[in-house]
Each structure stands twice: as structure tokens, then as C-alpha cells.
Amino acid sequence: MRITQGTFSYLPDLTDEDITKQVAYVLDRGWPCSIEFTDDPHPRNSYWEMWGLPMFDLKDPAGVLLEINECRKTYPGHYIRLNAYDARYGRQTTALSFIVQRPAEEPGFRLDRTEVADRRVQYRTHPYALDRPQGERYAR
Amino acid sequence: MTDRLGFGMRPEANGAAEDEPQAPPPLPPDASVDLARERAESQVDDVLDALDTELVGLAPVKTRIREIAALLLIDRVRARFGIDSGRPNLHMSFTGSPGTGKTTVAVRLAELLHRLGYIRRGHLVSVTRDDLVGQYVGHTAPKTKEVLKRAMGGVLFIDEAYYLYRAENERDYGQEAIEILLQVMENQRDDLVVVLAGYKDRMDSFFSSNPGMSSRIAHHIDFPDYEPVELEAIGRLMMEREGYRLSDDAEPVFRDYLERRRVQPRFANARSVRNAIERARLRHANRLLATGAPVDRTALTTLHADDFLSSRVFTP
């Protein structure tokens, strides 16, 4: 199951040219970019690992693409996303965040039901990928 | 990739996206292109003319930059005929004494290359050894990469580049920075232009100990020292820009000052001229205040002989 997180996630995967154009837009707005990766696809997993520090003072998308490709080389089977942070007062939040790499096979989730007191049922989503230890969750 | 079409937000796969300009088809072999118009459209003459009028002397530098501009312009026209000529290598080294305009030319060069479409942004990132080389093991690579990323799409200007290599200490981290630099200069030629600058003799020994660097640099440009006449012209240009002029009796004194200063140690060409004018401004201001008389526009803008004569240069 293809997970949908962040902007553009219902679209077909972005090509490097698409990413370059998005990054150019981001840099024109003056938002610094940062790259994060994870192999835990759970939707509530919002704190991904940082790939290096956020990149300030860049003028051209080539520098961001360079880091994305470095990260892809190191983690070929992980989710990688690009965040752009708008530091202006009144906003101060992530302005754009989208996935730039996903594993080839995404096994998806199952729904676990737990019966608790008074015949109530609690539900829990469980990503199949989490059945394996970190770092070995997706085929490379 | 799935075959889902994200809510129809994207045009059909076979339809070309409307907002992307299609590359025009190559011109037929018997077509001809008006070079003069091509030149006017690229607006490179603005930059070249500014280079000519605002920078005095430097004839070999200007010639080389004109040649580069011509090459890039012709390459653009060739591309319109569908002739693929590959991207020329434009990494450069600027050698010359201090104050001969290396940084100034680099700024102009960035602007020029941007107008000719060789680089995408046209900014100049000026760095020295401190910005590239780290202080402990593992610090250099991220630091150098960070600088390179900032310079992408523009020109990376490394001032006093020979400090990167310290022959006396082979465990110096400068070598690591050089290696990363070489790799990027080779693999990402599309993304940035590297300009190394420094004094002639020390750059020569830097290149002889780093042959890889020397061979990756296509243009070695030497900045000659300024002649006395050129120094005077530079001084005039600077004063004009700051709203000053020389009185009639000050002109020979200023010339004499430059002659004397030129042979003294630590003469830094245009930079020394600037400093001389700065000091003359101080004395000028002091003189006006000391007299206490009312001043008019002429008095406020005219530098007298005394303002230069009290300089250290004239006392033996």
C-alpha cells in the first residue's frame, strides 16, 4: 500500500526535474530546506531522522539535490522527505514537505482489534514493515 | 509507481505539460543567425562595457573575458543549429599582486556568465581557507560541502587558495578540502564555476604541488600591476564616485604621492590608492573644521595639496 504523507503524495512519484522545480520555488521564497529519512511508515511517526543539518543560504536547487542523492545512496530502501521551513513571524512552520524517495515494496498496514471491557473494541493500525528490525524493514 | 491519477490534477501522460516551454526545433543547415542581435539580446555588452569603463587597465584580463563571452555566445548560436559542443570548462585562476582587482573582476564575471546562461543564479560566494577547512577530523568534509552547496548556481571565489595546501604538514586538513573541491569541479561542472585567486608565485607553487588542480583549470589569468598613469586614473574614478575632486595644485602632488608610495613596501595597488584618498578625506575634514570659516560647495568637495603633503610618504 502506497503511503500518502505530505504534499504531492497522491501524485505519481516526482522525478528529479520535478523536485528541482519545487526546490527552486522553495528557495525563491527564502525557505531553508532539510532532508529527513525513516523506515517506519506509521502515520503517527512524525519525527523522522535528520539527514545532516538544515541547509541555509542556498541559492540554487543543485545543492539540495546533491544531498538528496547522497541520502538516497546511503538509505536506498527508506522513505526520504524534503522539508521547507518558513521562518517568518506569524508562520514559523514547515511550509512544504514532500516525499522524494519511497521503498520499492510497501507492504502496508493491518488493523488489529482489541476487545476491552464492556464489549468495546479498540483498533490499532500496525505496519507490516514494523515486524522486522530497524534497518532491515525494506528490501534494498 | 501506481497508475492512479492524483484526482486528475495532472494532464494526461501523453499530453505535454502546457506550462513548460518546448525547446524550439533546430534551425535548418542553410539558415543564418544575426550575431549582432543575438549579442544585444543577451545584454552581455552592458557588463563588458561596465568592465571597460569602471576598471582601469587590466588589458589581458579584459581580453580574456571578452573571449570567454564570445565563446559562450557562439556556443549558444551553435546550439540553435543543433550542434552539440559540450560545456566549456570555465574554472579559472586569478593571479596577481594585492589590490589588482581580482575580486572585482570575479563579481563581474559571475554577472556575465549569468547573462550568457552559463550559470543559473549569478551570485558570488567568496571564501578563504577558514570557510573550507575544519578544525578536527571529520569537520572538513561537511564544511567544504556546505560552502560548495551555497555556491551552486554561481561562482565560488577562493581567495588566497594556496593556504589550502600546507606542504610542511601532511596531516593538514586542507588536503581533504582540495580533494572534495576537485571532485565537485569535475563532476558538477554544470552547477558551479570555481575561481582560485592569490599571489602569482605562491599560486604557482600551489599548482605544482597539486597537478590535479592545475589541469582542471582552463584559464590561468594573470593580473598585471598598475602603471602610475593607471593608478592616477583609478584615484580619479574613486574620488569622482565619492564626490571629491583635486584642486589644481593637488594634482602633481597626488601623482608624486603615488610614485613614492609605489616603491615603498606593502604597496597594494588600487587598495593603497583607496587608503590614500580615505586619509586625505580625514585631513580635509579636519582642515575645514579647524579654520572654522563658513564653507561652500567647492570647499567641501575639493582636496588640496596639503591634504596629501602631510602624509607619511613625503617625510623621509
(message) Which three extents, in angstrom, do the Cα atoms of chain B have along their principal axes, listed largest first?
(response) 86, 54, 44
(request) With everything on Cα atoms, drop me the angle between helix B:44-54 and the longest principal axis of chain B, reported from 0 to 90° to the nearest 10. (result) 20
(request) Towards the positive end of the charge dipole of region A:16-106, with charges on Cβ (+1 Lys, Arg; -1 Asp, Glu), say which of A:33, A:65, A:51 has the farthest Cα. (result) A:33
(message) Placing one identical point scatterer on every Cα of chain A and ignoring solvent, what is log10 I(q)/I(0) from the Debye formula at q = 0.14, 0.19, 0.21 Å⁻¹?
(response) -0.70, -1.11, -1.29
(request) Give the value in nm², to one decimal: projected area of the alpha carbon convex hull of region B:228-314, averaged over all directions. (result) 5.4
(message) Using DSSP to call loops (not H, G, I, E or B), can you name the chymotrypsin sites (Phe, Trp or Tyr not before Pro) in region A:7-101 whose Cβ has at most 15 other Cβ atoms within 10 angstrom?
(response) A:10, A:47, A:56, A:89
(message) Using helices alone, I'd like the mean residue ellipticity at 222 nm for chain B: each DSSP H run of four-plus residues gives -39500 (n - 2.57), total over residue count, nearest 500.
(response) -16000 deg cm²/dmol
(request) Pick out, in residue order, every one of the trypsin sites (Lys or Arg not before Pro) in region A:1-102 that is DSSP loop and has at most 14 other C-beta atoms within 10 Å; say none if there are none. (result) A:2, A:29, A:44, A:88, A:91
(request) Quick one: check the C-alpha center-to-center distance for region B:27-44 versus region B:152-192, whole angstrom. (result) 37
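Looking only at other chains, what is the average number of their beta-carbon atoms within 10 angstrom of each beta-carbon in A:48-59?
Mean shielding count: 3.
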(message) For chain A, what does the helix formula give at 222 nm: sum of -39500 (n - 2.57) over DSSP H segments with n ≥ 4, over the residue count, nearest 500 deg cm²/dmol?
(response) -6000 deg cm²/dmol
(message) How many angstrom lie between the Cα centre of region A:54-73 and the Cα centre of region B:58-97?
(response) 28
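Can you give the average number of partner chain beta-carbon atoms within 10 Å of each beta-carbon in peptide B:34-46, as a whole number?
0
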(message) What does the structure give for A:11-19 when I average, per residue, the other chain Cβ atoms found within 10 Å of the residue Cβ?
(response) 2
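Bear in mind these aren't lab numbers, they're just calculated from the coordinates by the rules spelled out. Computed from a prediction, not measured in an experiment: that's the story for all the values here. Every residue, glycine as well, gets a Cβ built from its backbone with ideal geometry; the counts of neighbours run over all protein chains shown.
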